[in-house]
Amino acid sequence: MIKPGSLALTILLGLLSAVGPFSTDMYVPSMPGIGTAFGATTQQVQLTISSYLVGFAVGQIVYGPLSDRYGRKPVLVAALLLYCTATLLCPISTSIDMLIVLRLFQAFGGCGATVLARAVVRDLYAGARAGREMAIIAVVMGLAPLVAPLIGGVLETYFDWRAIFVVMALIGLECLALVWWYLPETLKERAAEPVSLVSVLKSYRILLSERSYLAHLSIVAFAYAGLFAWISGATFVLQELYALTPITFAAAFAAGSTGFLLGTTIAARLVIRLGLSRIIGLGCVALSIGGVAMATATALGLDTALTVVLSAAVYLFGLGLALPQAMAAALTPFPERAGAASSLLGFVQQSAASLCGALVGAWLGASAWPIAAPMALLGLAALAVWLLTRTSRASVAH
């Protein structure tokens, strides 16, 4: 077993948290090819992302309360088994509709890794120390959007979209083996009340009555929805509008994602000194700058692949600063309900992302506006929440 609080455990939690991003970022270079293979429209292919987000959102409601009652490890093992099974079935899809359904089940399993990694962090840490741990995990997780699109682009170019799911399944099986052999149980006291709809709703009602939780939940939802405006629209805007090949798109997408990695690295170094609130605020400012810069370039007719990617990199830099810290701040007041708090946080986060992704997919056309406008509006919304809720967030600012 890995010792709680060790660097090895942090790396393992980072790998688990990366399962979800890896399953979207490695997939996006193949979306046009999947459309061609199944004779599907852009909107139908977009639903393979939206269904993944729906499954990821709905699954998160389940895993937290279950893990508060039965422990983090057994619930995590079950979630990873479901993820691996659904992923292995994706390559044998015979229609776009079948792939859409399997992606939902893939996400339902994969989201357990993300929910429970956050819960384990709250089991062990609180406040700025939890924020630092979340940021370090996010550094590991942030490698996914750098590496995954490149892997996906190469697999799409030299094989086809089915190879991508084979690689996803191998990653899932590796995570399952690591959890089975090395992850300790971190839940100190299991919930006494049996899991039921009444008990789950009671937990969520308690969480939503805490104003600081609501504030940080809103920041997470707005910032993350902007990310999925980028993920959902980037492949079509950069490949179809700006004529990038799958490999050059993957390189451009990865380049933009370096902003997230830089943001999380800086947050991990500074959060103990500056506190959660200041790091979140700096992140919200960068979110706004990145989104507004992309919208301004589009409005002035200056949008190119370069300006779009650079603006996205600034937005993602802000996301790297704000997202892990806002998550840590949301979970800090609830050590006895860490699983439920993580579940509700993830559900709202992914629901916002799913809705934004679906709207972007329906709006895609002959310009960059479908990604520029949402990123600008959502970045400004996150900043507004941070500015307007300073008093209610003061109790978890450090």
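List of remarks:
- Residues that are assigned to a helix (DSSP H, G or I), of a type in the set (Val, Ile, Thr) and crowded, with 16+ Cβ neighbours inside 10 Å, drawn from the stretch 173-205: 179, 200
- Residues in the stretch 20-47 that are closer than 17 Å to residue 166 by Cα, assigned to a helix (DSSP H, G or I) and of a type in the set (Ser, Thr, Tyr) were compared, and the one that is modelled with the highest pLDDT is 23.
- Scanning the stretch 165-185 for residues that are among the charged types (D, E, K, R) and under 23 Å from the mean Cα position of the chain (by Cα) yields one hit, 174.
- Selection status of residue 372, more than 30 Å from residue 67 (Cα to Cα), surrounded by 19 or more Cβ atoms within 10 Å (Cβ to Cβ) and of a type in the set (A, V, I, L, M, F, W, C): yes
- Tabulated pairs, the stretch 245-261, first farther than 10 Å from residue 316 by Cβ and in contact (Cβ under 8 Å) with a residue 60 or more places away in the chain, second of a type in the set (D, E, K, R) and in a helix (DSSP H, G or I), C-beta under 7 angstrom, 6+ apart or interchain: 246/156
- Restricting attention to the stretch 77-88, the residues being surrounded by fewer than 17 Cβ atoms within 10 Å (Cβ to Cβ) and over 17 Å from residue 183 (Cβ atoms) number 1.
- Residue list for the stretch 1-44, restricted to those being more than 30 Å from residue 186 (Cβ to Cβ) and under 20 Å from the mean Cα position of the chain (by Cα): 27, 28, 29, 30, 31
- From the options 392, 342, 367, residue that is touching a Lys or Arg at 6+ places or on another chain (Cβ under 8 Å), in a loop (DSSP other than H, G, I, E, B) and either surrounded by fewer than 20 Cβ atoms within 10 Å (Cβ to Cβ) or of a type outside the set (A, V, I, L, M, F, W, C) (or both): 392
- Candidates 144, 128 - the one that is touching a His at 6+ places or on another chain (Cβ under 8 Å) and either under 26 Å from residue 322 (Cα atoms) or among the β-branched types (Val, Ile, Thr) (or both): 128
- Residue 138 vs. criteria of a type in the set (Gly, Ala, Ser), in a helix (DSSP H, G or I) and crowded, with 18+ Cβ neighbours inside 10 Å: yes
- Number of residues in the stretch 352-364 that are buried (at least 20 other Cβ atoms within 10 Å of the Cβ) and not β-branched (Val, Ile, Thr): the value is 8.
- Filter result for residue 162 (at pLDDT 80 or above, under 19 Å from the mean Cα position of the chain (by Cα) and among the basic types (Lys, Arg)): no
- Within the stretch 66-93, residues that are in contact (Cβ under 8 Å) with a residue 40 or more places away in the chain reach partners that are among the aromatic types (Phe, Trp, Tyr) and surrounded by fewer than 18 Cβ atoms within 10 Å (Cβ to Cβ) with beta carbons closer than 8 Å, at six or more positions or on different chains, in the pairs 77/180.
- Unmet criterion (only one of (1) touching a Gly at 6+ places or on another chain (Cβ under 6 Å); (2) at pLDDT below 90) for residue 283: (2)
- Scanning the stretch 74-101 for residues that are of a type outside the set (Gly, Ala, Ser) and within 16 Å of residue 163 (Cβ to Cβ) yields a count of 7.
- Residue among 99, 81, 116 that alone is in a helix (DSSP H, G or I) and under 18 Å from residue 48 (Cα atoms): 99
The values are calculated or read from the model by the stated rules, or taken from the named source; none is laboratory data. These figures come from a predicted structure and were not determined experimentally. No Cβ is skipped: glycine too gets one built from the backbone with ideal geometry, and neighbour counts run over all protein chains shown.
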